Amino acid sequence: MKKIKKFIFVFLLLASTLGSYAQTQEISKMISFHEQELKPIKKEIQASIESQQKNLISISDAIWEAAETSLVEFTSSKLLKDYARSNGFEVTENVADIPTAFMAKYGSGKPVIGILGEFDANAGISQKRQPTKEPRVPGGAGHGCGHNLFGTASLGAAVAIKEQIEKGTFKGTVIFYGTPAEETIFAKVWMVREGVFDQLDICMDWHPGDSNISGTETSKALVDYRVMFYGDTSHASADPWNGNSAVDAMELYTTGLNYYREHILPTSRIHYQIEAAGDVVNVVPDYAKIWTRLRGNSVENVNVLYERALNIAEAASLMTGTKYETKLISGIYEILVNRTGAQVMQNNMETIGEITYSENEIKYANTILKETGKPQVGIDGSVVPMQPTLAATGGSTDVGDVSQVVPTVRMSATIASKGGPWHSWAVVACSGMSIGHKGMIYAAKALSMTMADFYKSPKLVEAVKEDFKKNKKIKEYVPRILPGPPSLD
Ligand SMILES: [Zn+2]
């Protein structure tokens, strides 16, 4: 019996390896079919990105300086809209009732290829353009996820494609999506619900990182919600029997969550942030508010966690004689990886080759690493070979929702020191100077060259769509958000 099992396992492993090998060969054939014809066009596309370089750097630096957080990215959004308009794109504002969300479209007909661009900053991590920690604006926000480079590179790629459509080399449509509020709220979920991605054949995406890697990684699904507990005030010493503490309820709620932690899958995560917990020590508090985030490797797993956590909130209120209320903030899906698209991306990344850095840039990166107590390994400009798709190990992104409704092709480009802390001053210090700029230009090239493959090869577009259909596990996509536009409270 054991032998049979082993045989079946080896057979399945062999079959899947051979299957993916055959698929890889098939895609390589499709790419090479247009390779000669595309070579001079891809050269022109790279030249377009280089000629835009000055503009792209000044836009990304202006967004870096504005450092606007989720839903209030007015200056950043306008900078990108203005550049799109000046390049002949037709701009639709206020997408999904979000003032900073927009679409910029050029061309007509099929294929319709979209590209995502984020531009929000992280609160509280303002930093000067220097490798030692010092805020530019004390208490201010900073681009600790490199979104100033993200939106700008994607728009630069869209402009390079637009030039080819204008010349008649490509037929079809290109749409840049200005997608705000990725750091909190996850505005793309509202845009997906609005149906703005439904017209796409393929959606392109990238994210700043510390390596150049094609998008074969998935992400965690999550749900964000608040629990409010309502108690009754009284004197904490003179008549505590007349009071019911909302903070007691909240403490029992978090205790319940922390006991539950032992029994969740090792891939799941529970986080919370206490937002209100009484004001003074001598009054029994009648109000407490807490933000909870539950993550899992699939939306189904998140549903299991969510159901239990809501029961824990109810139990905490019963135990303390308080009332409670829950309010959904938003939820996001895991990324559906498109390996066919990732292989086309890999091919282009290898064609561009690695990013090289000056001695000063390496010294700058190493100073940051020294300051943050990390090994001084500099910056990694090499291209990582194609990776297998493993279970999600990192964070979450609202690109997950986009990837559930349209095939999404992704990559990551180096914009910071290797292994430095993310969402921190260490990334802000890099995203507003030459190390960040180099990653942005690299991403713009890789994205537009990959789009070129899709515009020239309907077969490749079909293969990417087939991959999407084959791997889609979720039968019906239901956005986990409340009616109406997103809000900060
Ligand atoms: Zn990010």
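The values are calculated or read from the model by the stated rules, or taken from the named source; none is laboratory data. Remember, it's a predicted structure, so these values are computed and weren't measured experimentally. Positions of Cβ are generated from backbone atoms using ideal geometry, with glycine treated the same way; all protein chains shown enter the neighbour counts.
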Candidates Ala392, Ala365 - the one that is outside the structural domain of Ala316 (by TED's automatic domain parsing), modelled with pLDDT under 95 and surrounded by 15 or more Cβ atoms within 10 Å (Cβ to Cβ): Ala392
So Val304 fits all but one of (1) surrounded by 17 or more Cβ atoms within 10 Å (Cβ to Cβ); (2) in a helix (DSSP H, G or I); what number is the exception? (1)
Tally, over region 154-186, of residues that are at positive phi and over 14 Å from the mean Cα position of the chain (by Cα): 2
Kindly list the number of the only condition in (1) touching a Ser or Thr at 6+ places or on another chain (Cβ under 7 Å); (2) among the hydrophobic types (A, V, I, L, M, F, W, C); (3) surrounded by 22 or more Cβ atoms within 10 Å (Cβ to Cβ) that fails for Ile355. (3)
For region 216-231, check the following and say yes or no: at least one residue is touching a helix residue (DSSP H, G or I) at 6+ places or on another chain (Cβ under 7 Å), modelled with pLDDT of 95 or more and within 16 Å of the ligand (Cβ to nearest atom). yes
Looking at region 396-469, what helices (runs of 4 or more DSSP H) fall wholly within it and have at least 1 residues that are of a type in the set (D, E, K, R) and within 29 Å of Glu35 (Cβ to Cβ)? 434-456
Report the residue count in region 176-197 for those that are part of a strand (DSSP E or B) and more than 16 Å from the ligand (Cβ to nearest atom). 1
List every residue pair whose Cβ atoms sit under 8 Å apart, with the two residues 6 or more apart in sequence or on different chains, where the first one lies in region 364-382 and is of a type in the set (Lys, Arg) and the second, anywhere, is surrounded by 15 or more Cβ atoms within 10 Å (Cβ to Cβ). Lys370/Gln376; Lys374/Ser417; Lys374/Gly419; Lys374/Gly420; Lys374/Pro421
Name the residue, out of Gly400, Gly420, that is touching a residue at least 12 places away in the same chain (Cβ under 8 Å) and over 30 Å from Glu134 (Cα atoms). Gly400
Do we have Leu252 as in contact with a strand residue (DSSP E or B) (Cβ under 6 Å, 6 or more places away or on another chain) and in the same structural domain as Glu307 (by TED's automatic domain parsing) here? no
Test: residue in region 239-254 that is under 35 Å from the mean Cα position of the chain (by Cα), under 25 Å from Val302 (Cβ atoms), free of Cβ contacts under 8 Å to residues at least 60 places away in the same chain and crowded, with 19+ Cβ neighbours inside 10 Å: no
The residue from Gly88, Gly144 that alone is modelled with pLDDT of 95 or more and away from the ligand (no atom under 16 Å from the Cβ) is Gly88
Please determine whether any residue of region 98-120 is in contact (Cβ under 8 Å) with a residue 12 or more places away in the chain, within 16 Å of the ligand (Cβ to nearest atom), surrounded by fewer than 21 Cβ atoms within 10 Å (Cβ to Cβ) and of a type outside the set (D, E, K, R). no
Can you find even one residue in region 371-385 that is in contact with a strand residue (DSSP E or B) (Cβ under 9 Å, 6 or more places away or on another chain) and not in a loop (DSSP other than H, G, I, E, B)? yes
Of the residues that sit in region 198-215 and are farther than 13 Å from Ala342 by Cβ and outside any strand (DSSP E or B), which one is nearest to the ligand (Cβ to nearest atom)? Asp210
Would you mention how many residues in region 274-301 are among the aromatic types (Phe, Trp, Tyr) and surrounded by fewer than 17 Cβ atoms within 10 Å (Cβ to Cβ)? 1
Just give me the residues in region 368-401 being away from the ligand (no atom under 16 Å from the Cβ), acidic (Asp, Glu) and within 26 Å of Glu182 (Cβ to Cβ), in sequence order. Asp380
